[in-house]
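Enquirer: Encoded as structure tokens, here's the structure I'll be asking about.
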Amino acid sequence: MTQNPGGFVISLDFELHWGVRDHRTVAQYRENLLGVRQAVPAILELFERYGIHATWATVGFLFFENLDDLKAALPDDLPQYRETHLDPYAALAEVGKNEAEDPFHFAPSLIRKILAYEGQEVGTHTLSHFYALAPGPTLESFRADIRSAKLAADQYGIVLKSIVFPRNQISRQHLRICAEEGLTAYRSTEADPWIETGNGILRRAMRLADSYLELSGNGCVAPCLDEELPIVRVSGSRFLRPWNTVLRIFEDMRLRRICSSMDAAAKSNKTFHLWWHPHNFGVHLEENMTFLTHIAEHYANTNRKMGWPSLTMAEVADNVLHAEKPHCVA
């Protein structure tokens, strides 16, 4: 048995329009969504340059070559959302035939590109961007969704090991199903002192401020194995906010906040888990890539000095499962 080493973890919620369709139309978010076609290759090239491993939690619908194949692979037990605007299956009537015709809902070429780079894990963001805690869907429909996601990934030779729950909607019942279906890692919600603070506007304001000022701590986490379920919790540390024209004068503060947290994690042999969506880089790509390059350079320096590794979520889970004290401490 080995110690449970910390590391630098990156996970990306790869979803295209499936992840925002309940509150944004394609027309409203077109530039960001099309920009993913340039963002994904740019991110992959940077990861390769600096030896960074990452988990791409991918919506299963994106794997399909065309709409006919997607429809043929739908699970028999579909979720019945009480809030109909959440139902992705109702939206299939508006989806184009294939990736060439509809780059907002298909992405097999980008998935193949991810697989071509060493150190990149393709995980799942469920088949359909499944809202686990929304009223209506049953646990049985969630299991059917995960099984169909596994089959979609299998076409690419991918064995799914990691899951990021859409909108971070997680319950123990859903985790149990994930473990039973062979998944070994999940991203849990980050420790958020603002979650019970005031109204939604106040919470959002405090989270925004926390990206620049150390209000909630350094975000260092210790991935661990649940006492009852054979699945590893890889808590998120911080959302990587995209470059903002209004806040650009504070970019140095945002970078220092992240780098200081990385330093704290490396020194304490813990994990710092950064996450975002590729579509966050869909606009202002140059500015976002410049910022990400600074983070990558800081990681590379830290790795050289301290041996702090870059790990996918699945690699973290493997380390934890072979650790001397793998279980979460209450």
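The values are calculated or read from the model by the stated rules, or taken from the named source; none is laboratory data. A quick note: this is a predicted structure, and the numbers were derived from the prediction, not measured. Here the Cβ is made from the backbone with ideal geometry for all residues, glycine too, and neighbour counts use every protein chain on show. Heads up: the accessible areas ignore ligands, DNA and RNA and are worked out on the full protein's heavy atoms, side chains in. Shrake-Rupley method; radii C 1.70, N 1.55, O 1.52, S 1.80 Å.
Enquirer: State the number of residues belonging to the range 269-312 that are out of contact with any Asp or Glu (no Cβ under 7 Å at 6 or more places or on another chain), closer than 30 Å to residue 167 by Cβ and either among the small types (Gly, Ala, Ser) or part of a helix (DSSP H, G or I) (or both).
Expert: Qualifying residue count, the range 269-312: 18.
Enquirer: Across the range 1-37, what is the total count of residues that are within 22 Å of residue 163 (Cα to Cα), polar (S, T, N, Q) and modelled with pLDDT of 95 or more?
Expert: Total satisfying the criteria: 1.
Enquirer: Would a scan of the range 120-136 turn up a residue that is open to solvent by 60 Å² or more (accessible area, probe 1.4 Å) and either in contact (Cβ under 8 Å) with a residue 40 or more places away in the chain or under 20 Å from residue 72 (Cβ atoms) (or both)? Even if it seems obvious, please write down each step before you answer.
Expert: Just the residues of the range 120-136 that are open to solvent by 60 Å² or more (accessible area, probe 1.4 Å), to begin with: 133.
Of the ones still in play, those that are also either in contact (Cβ under 8 Å) with a residue 40 or more places away in the chain or under 20 Å from residue 72 (Cβ atoms) (or both) are none.
No: the range 120-136 contains no residue that is open to solvent by 60 Å² or more (accessible area, probe 1.4 Å) and either in contact (Cβ under 8 Å) with a residue 40 or more places away in the chain or under 20 Å from residue 72 (Cβ atoms) (or both).
Enquirer: Mind checking which residues of the range 61-112 are among the charged types (D, E, K, R), over 24 Å from residue 154 (Cβ atoms) and under 24 Å from the mean Cα position of the chain (by Cα)?
Expert: 87
Enquirer: Does the range 223-268 hold any residues that are assigned to a loop (DSSP other than H, G, I, E, B) and among the small types (Gly, Ala, Ser), and which are they?
Expert: Within the range 223-268, 235, 236, 237, 268 qualify.
Enquirer: Quick one: in the range 61-113, which of the residues that are of a type in the set (Phe, Trp, Tyr) and not in a helix (DSSP H, G or I) is farthest from residue 35 (Cα to Cα)?
Expert: The extreme case among them is 81.
Enquirer: Under 6 Å between Cβ atoms, at least 6 apart or on separate chains: pull out the pairs that start in the range 95-115 with a residue that is under 21 Å from residue 57 (Cα atoms) and hydrophobic (A, V, I, L, M, F, W, C) and end on any residue that is in a loop (DSSP other than H, G, I, E, B) and open to solvent by 10 Å² or more (accessible area, probe 1.4 Å).
Expert: From the range 95-115, the pairs are 106/99.
Enquirer: Can you give me the number of residues within the range 277-299 that are surrounded by fewer than 20 Cβ atoms within 10 Å (Cβ to Cβ) and in contact with a strand residue (DSSP E or B) (Cβ under 6 Å, 6 or more places away or on another chain)?
Expert: Qualifying residue count for the region: 0.
Enquirer: Under the condition of being more than 20 Å from residue 316 (Cα to Cα) and surrounded by 20 or more Cβ atoms within 10 Å (Cβ to Cβ), which residue from the range 45-60 is farthest from the chain's Cα centre (by Cα)?
Expert: Selected residue: 60.
Enquirer: Something else about it: Hey, any hits in the range 308-316 for a residue that's modelled with pLDDT under 95, open to solvent by less than 50 Å² (accessible area, probe 1.4 Å) and closer than 19 Å to residue 50 by Cβ? Before the answer, list the steps.
Expert: Step one: of the range 308-316, the residues modelled with pLDDT under 95 are none.
Checked against the condition, which is being modelled with pLDDT under 95, open to solvent by less than 50 Å² (accessible area, probe 1.4 Å) and closer than 19 Å to residue 50 by Cβ, the range 308-316 yields no hits at all.
Enquirer: Looking at the range 143-154, is at least one residue at pLDDT below 95, farther than 22 Å from residue 321 by Cα and either open to solvent by 40 Å² or more (accessible area, probe 1.4 Å) or basic (Lys, Arg) (or both)? Give the steps one after another, and end with the answer.
Expert: First pass over the range 143-154, keeping only residues at pLDDT below 95: none.
No, there is no match, as no residue in the range 143-154 is at pLDDT below 95, farther than 22 Å from residue 321 by Cα and either open to solvent by 40 Å² or more (accessible area, probe 1.4 Å) or basic (Lys, Arg) (or both).
Enquirer: Next up: Just one of 237, 268 is touching a Phe, Trp or Tyr at 6+ places or on another chain (Cβ under 8 Å) and either in contact (Cβ under 8 Å) with a residue 40 or more places away in the chain or loosely packed, with under 15 Cβ neighbours inside 10 Å (or both); which is it?
Expert: Residue meeting the stated conditions: 237.
Enquirer: Follow-up. Can you name the number of the only condition in (1) modelled with pLDDT of 95 or more; (2) over 16 Å from the mean Cα position of the chain (by Cα); (3) of a type in the set (S, T, N, Q) that residue 244 fails?
Expert: (1)
Enquirer: Go through the range 126-176 and report how many residues are aliphatic (A, V, I, L, M) and not in a loop (DSSP other than H, G, I, E, B).
Expert: Taking the range 126-176 first, the residues aliphatic (A, V, I, L, M) are 127, 132-134, 139, 144, 146, 149, 151-153, 158-160, 163-164, 170, 175.
Going one step further and asking which of them are not in a loop (DSSP other than H, G, I, E, B), we end up with 139, 144, 146, 149, 151-153, 163, 175.
The number of residues fulfilling the criteria is 9.
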